[in-house]
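This report concerns only the one structure given below.
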Amino acid sequence: MEPLAPAIIAGLTPKEIEIEFYDDRTEKIPYDRPTDLVVITAIQTTSARRAYQIASLYRQRQIPVVMGGFHVTLMPEEASDYAEAIVIGEAEGLWSNVIEDFQNGCLRRVYKRNSRPKLGGFQVDRSIFQGKPYLPLAFVEVGRGCHFKCDFCSIQTAFGNSQSRRPHAEALAELKKIEKPLIVFCDDNITSNLERAKSFFKELIPLKIRWVSQCSINAAHDEEFLELLKASGCQGLLIGFESVHPDNLKRMDKGFNLMNGGYEVAVENLHRHGIRIYGMFLVGYDEDSAETIQSAMDFATKHKFYAIAFNHLTPFPGTALYDRMKAEGRLLFDRWWLDPNYRYGSIPFEPKKTPREELEQLAHEARVKFFSLPSILKRMNFGVNCTDGLMTLSFFALNIFSHPGIRRRRNYPLGDEAYKGELIKAVHSQPFRLDPIEALEWTTACDRAS
Ligand code: B12
Ligand code: SF4
């Protein structure tokens with residue numbers, strides 16, 4: 001999928017600066033191609049190790065690196081070891097200062113604002129994706145952040161239970177320029193502000209687009225919302241069910257999932273309006289065992305979910321979950337995301353009820369079973385998942401093509417195993433300081449640095 005952050009950063013970069021974009025997932029980076037500055041986004045904690053490897057390969061060539069993204073925001077001091085400069089938080093309102101400082105030869109070590117920028121006023125530059133082998137869908141943002149406080153979620157750490165929203169007119173103007181058959185609104189929770197979401201869906205109707213997004217389940221009890229979803233072209237929603245065990249939900253501060261009659265009512269409401277459900281489940285909370293995994297599977301199969309994710313619970317740094325696991329002495333690695341012995345698809349802590357390896361195996365078997373042909377046939381649901389020939393084809397394609405992914409992602413190393421040697425740390429002349437700097441304080445970059 002096209003990554004949005006690089007396109008936003010490209011859009012924020014002055015036009016006279018030449019940009020080349022490489023996606024490490026799909027192509028080889030030409031490390032020896034001359035460049036003045038390298039800009040890396042470490043979107044997930046799971047990609048931090050790879051981001052540091054890439055930075056090291058450029059450092060060997062004496063090329064300075066600026067890094068930003070979610071992991072950098074959560075672990076700034078660590079990231080600052082591997083980049084000449086880091087940007088904490090959102091790029092809007094800071095990126096022009098980085099560029100200006102670099103041009104003036106006085107790049108700071110840390111860029112951070114003391115408030116969240118307004119979401120808007122930027123142009124997403126999708127020209128950087130030209131000629132690259134991405135899926136025919138486009139990411140568009142309408143809001144960032146979420147007002148809930150689920151204990152495992154990095155969103156609440158990064159955005160402090162708040163949501164910023166883009167002016168609808170800007171999002172609509174962007175949508176009109178996109179020619180892809182499917183839009184993904186990559187908001188963390190498109191219903192965090194339900195009333196604004198509804199007004200946005202009303203404005204979407206004339207555009208006649210097809211879209212998917214992610215939302216919290218509380219919205220599925222609001223009839224007006226459900227009607228507007230359908231009318232505005234919603235094809236499906238990713239929803240965090242997380243667990244079918246109420247104690248697990250309470251533990252993760254997600255008791256709201258069970259309100260208004262709970263899952264059965266919510267699922268029935270969504271299906272009545274023809275909305276496909278991609279159910280997200282977490283495996284590894286205190287009550288998890290073979291029985292809870294089986295119950296979640298039975299629930300998702302009985303209700304003919306379009307697809308599911310059975311992700312193992314991962315304590316991401318900065319989350320309440322991480323702090324709790326650390327305080328309880330349950331983390332198996334100092335920093336799992338940097339440890340060469342940690343593998344994606346494994347649980348980096350000791351679960352309470354069921355041994356770790358057993359839980360990993362059970363989750364893997366559940367994935368394989370859920371995406372097996374008998375389960376796919378059971379979940380066809382002609383009123384929702386397979387409404388016409390094209391949608392039936394997509395349903396089968398997504399479910400069947402999940403198989404190689406499930407196999408490949410199991411025990412997948414973080415970072416590139418072909419990378420030999422240590423990560424090379426950046427040498428800094430300034431101490432690491434977290435003081436926020438308001439963008440407005442900038443006069444000329446070098447004045448400020450002195
Ligand atoms: C879309 C998405 C995906 C897509 C990514 C597709 C793609 N090509 O981009 C897919 C489905 C693949 C995915 C997978 C996963 N994801 Co995801 N994903 C998202 C989501 C919803 C949106 C990302 C996005 O585009 N946001 C919009 C852009 C504009 O925001 P941004 O990336 O943060 O960038 C801004 C700033 O961070 C900053 N910035 C970013 N980079 C840089 C670089 C520089 C130099 C500068 C200056 C600034 C800067 O500027 C940008 C504009 O302000 C985010 C939630 C979120 N809010 O980001 C979760 C999120 C990033 N994902 C998350 C997770 C956990 C995962 C998985 C690990 C889930 C799993 N268990 O498998 C996997 C990991 C896959 C992997 N390869 O490692 C977590 C990450 C938590 C963490 N600490 O790592 C997030 C935050 C969601 C959450 N609820 O916590 N994900
Ligand atoms: S509802 Fe979703 S985005 Fe919001 S805090 Fe919970 S998991 Fe994170």
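Go through the stretch 47-155 and tell me which strands (runs of 3 or more DSSP E), entirely inside it, have 3 or more residues that are within 12 Å of ligand 1 (Cβ to nearest atom) and either over 30 Å from residue 195 (Cβ atoms) or open to solvent by 10 Å² or more (accessible area, probe 1.4 Å) (or both).
65-68, 85-87
Just checking, does the stretch 340-350 include any residue being open to solvent by 20 Å² or more (accessible area, probe 1.4 Å), out of contact with any strand residue (DSSP E or B) (no Cβ under 8 Å at 6 or more places or on another chain) and either without any contact (Cβ under 8 Å) to a residue 12 or more places away in the chain or outside any loop (DSSP other than H, G, I, E, B) (or both)?
Yes, that holds for at least one residue.
In the stretch 202-239, what count of residues is obtained for those that are within 16 Å of ligand 2 (Cβ to nearest atom), touching a residue at least 40 places away in the same chain (Cβ under 8 Å) and over 20 Å from residue 140 (Cα atoms)?
4
Looking at 392, 354, 387, which is the one that is of a type outside the set (Gly, Ala, Ser), without any contact (Cβ under 8 Å) to a residue 40 or more places away in the chain and surrounded by 13 or more Cβ atoms within 10 Å (Cβ to Cβ)?
Answer to the selection: 392.
Among the residues of the stretch 61-84, is any of a type outside the set (A, V, I, L, M), closer than 24 Å to residue 183 by Cβ and away from ligand 2 (no atom under 16 Å from the Cβ)?
Scanning the stretch 61-84 turns up at least one residue that is of a type outside the set (A, V, I, L, M), closer than 24 Å to residue 183 by Cβ and away from ligand 2 (no atom under 16 Å from the Cβ).
Checking the condition without any contact (Cβ under 8 Å) to a residue 40 or more places away in the chain, open to solvent by 50 Å² or more (accessible area, probe 1.4 Å) and not small (Gly, Ala, Ser), which residue from 420, 369 passes?
When all the criteria are applied, what remains is 420.
Looking at the stretch 338-379 only, could you name the residues that are farther than 27 Å from residue 303 by Cα and of a type in the set (Gly, Ala, Ser)?
346 - this is the single residue of the stretch 338-379 that is farther than 27 Å from residue 303 by Cα and of a type in the set (Gly, Ala, Ser).
The values are calculated or read from the model by the stated rules, or taken from the named source; none is laboratory data. This one's a predicted model, so the numbers in the text were calculated from it and none came from an experiment. Because the Cβ atoms are built from the backbone with ideal geometry, glycine has one as well, and the counts that use them run over all protein chains shown. Surface accessibility is based on the protein's heavy atoms, side chains included, excluding ligands, DNA and RNA. Shrake-Rupley method; radii C 1.70, N 1.55, O 1.52, S 1.80 Å.
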